[in-house]
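Read the structure below first, then the notes.
The values are calculated or read from the model by the stated rules, or taken from the named source; none is laboratory data. All figures in this text were calculated on a predicted structure; none of them were measured in a lab. For neighbour counting, all protein chains shown are included, and Cβ atoms are generated from backbone atoms with ideal geometry for every residue, glycine included.
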Amino acid sequence: MLIKKVSVVIVNYNVKDLILTSLRTLYKFNASENVEVIVVDNHSADDSCLAIKKEFPQVILLENKYNAGFPKGNNQGFEIATGDYIFMLNPDTEFTENSIDRMLNYLDNHPEAMLLAPKLMNTDGSLQQSTWRYPSITSVFCESFYLRPFLKKKNYQDKNFDEIFEGETFSGAALFFRKELLDNIGTLDETMFWIEDVEFCWRANHHHFKCLYFPETRIIHHIGQSAKKNYNISISNQVYNKVKFFRKHHSKFATFIIVCISLALVFSKIIVFGLLSPFKRIYYLKLKAYIYTIPRVFNPPNGIT
């Protein structure tokens, strides 16, 4: 019998159907006696909390009175977690096998490893990109203007995704790590959003902890469902939090270049969606979101706005 206890921390915001599927498959495929599940709900308006209480009374449910955001919500869960291991998990994930047990067994038998990132799959069963080398000026530029052929190195296209390898950064949709990692590097940076997982992995690696891409198990990630709820938040945070990351970990000159790239991206999107906005409402909403983003590139706010 497994003797270590795992604390699964899930932050939920208005994705009731998805989190119920995630919880059902979690308990179906994993040894529940080894797992405590903590759900932090960010003031959902879709009756998520009522549904979770009804179907999963064993879940520890924290109900925020406002949308505290993904980093803060996770940190709230980390604070009350009792497990030796923490599994930071998105609500739009789905288990198809005993992923928790497999990762727990691996870390139990490999004390040199600190963090595992399971293989993530898209809804259609294809491989989801979930590990990257650190952001650079070049990679931010190429990502902004869809120059994907120049992102092969950044996206680990030189690696075999069916084999375990050390990586620099991973998707926060599913990160399994020893709780002691938090004592060494701290929790998620609550001033960041949409890049807090990359920044967390940056600190783990710069403290010389071994962080591994772990394809020995796979989890489905129905990516981006929460993002569709509010384009102002999702689009603006994806843009200006890159500025915040470079401001924290790079030089002033590098940060200035990222600001310039971000503004070029924003104004190009405004032109495109401005032309398309009369044809579909989604284009109009994205146009508004990019206009909303402009002042935030110059003066990125803390947290979610």
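Residues of region 272-284 include none that is at pLDDT 95 or above and crowded, with 21+ Cβ neighbours inside 10 Å. All of Thr138, Thr131, Thr96 fail the test of being of a type in the set (Val, Ile, Thr) and free of Cβ contacts under 8 Å to residues at least 40 places away in the same chain, apart from Thr138. Checking each residue in region 160-170 for being surrounded by 14 or more Cβ atoms within 10 Å (Cβ to Cβ) and part of a loop (DSSP other than H, G, I, E, B) picks out Phe161, Ile164, Gly167, Glu168. Residues in region 235-254 that are surrounded by 19 or more Cβ atoms within 10 Å (Cβ to Cβ) and among the hydroxyl-bearing types (Ser, Thr, Tyr) were compared, and the one that is nearest to Ile291 (Cα to Cα) is Ser236. Number of residues in region 78-119 that are of a type in the set (A, V, I, L, M) and either farther than 22 Å from Trp132 by Cβ or not assigned by TED's automatic domain parsing to the domain that holds His208 (or both): the value is 5. On the stretch given as region 112-124, residues that are out of contact with any helix residue (DSSP H, G or I) (no Cβ under 7 Å at 6 or more places or on another chain) and touching a residue at least 24 places away in the same chain (Cβ under 8 Å) total 7.
Just checking, does region 62-71 include any residue being free of Cβ contacts under 8 Å to residues at least 24 places away in the same chain, of a type outside the set (Asp, Glu) and under 20 Å from Asn12 (Cα atoms)? Scanning region 62-71, I find at least one residue that is free of Cβ contacts under 8 Å to residues at least 24 places away in the same chain, of a type outside the set (Asp, Glu) and under 20 Å from Asn12 (Cα atoms), so the answer is yes. Taking region 148-204 as the range and being in contact (Cβ under 8 Å) with a residue 60 or more places away in the chain and farther than 27 Å from Ile10 by Cβ as the test, no residue passes. Screening region 103-124 for residues that are crowded, with 17+ Cβ neighbours inside 10 Å and over 20 Å from Ala204 (Cα atoms) and picking the one that is nearest to the chain's Cα centre (by Cα) gives Leu120.
With respect to the stated conditions, Glu63 fails to be within 26 Å of Thr96 (Cα to Cα) and of a type outside the set (Gly, Ala, Ser). Just the residues that are assigned to a strand (DSSP E or B) and closer than 20 Å to Glu196 by Cβ, please, taken from region 106-157. Scanning region 106-157 gives Met114, Leu115, Leu116, Ala117, Pro118, Leu120, Thr131, Trp132.
For region 270-295, the set of residues classified as touching a residue at least 12 places away in the same chain (Cβ under 8 Å) and either among the polar types (S, T, N, Q) or in contact with a strand residue (DSSP E or B) (Cβ under 7 Å, 6 or more places away or on another chain) (or both) consists of Thr293 only.
Rundown of residues vs (1) buried (at least 18 other Cβ atoms within 10 Å of the Cβ); (2) of a type in the set (A, V, I, L, M, F, W, C); (3) at pLDDT below 95; (4) farther than 22 Å from Phe200 by Cβ, yes/no style:
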position: Pro135; (1), (2), (3), (4): yes, no, no, no
position: Val140; (1), (2), (3), (4): yes, yes, no, no
position: Gln157; (1), (2), (3), (4): no, no, no, yes
position: Gly172; (1), (2), (3), (4): yes, no, no, no
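Among the candidates Ile271, Ile223, Ile233, the residue that is among the aliphatic types (A, V, I, L, M), outside any loop (DSSP other than H, G, I, E, B) and under 30 Å from Gly125 (Cα atoms) is uniquely Ile233.
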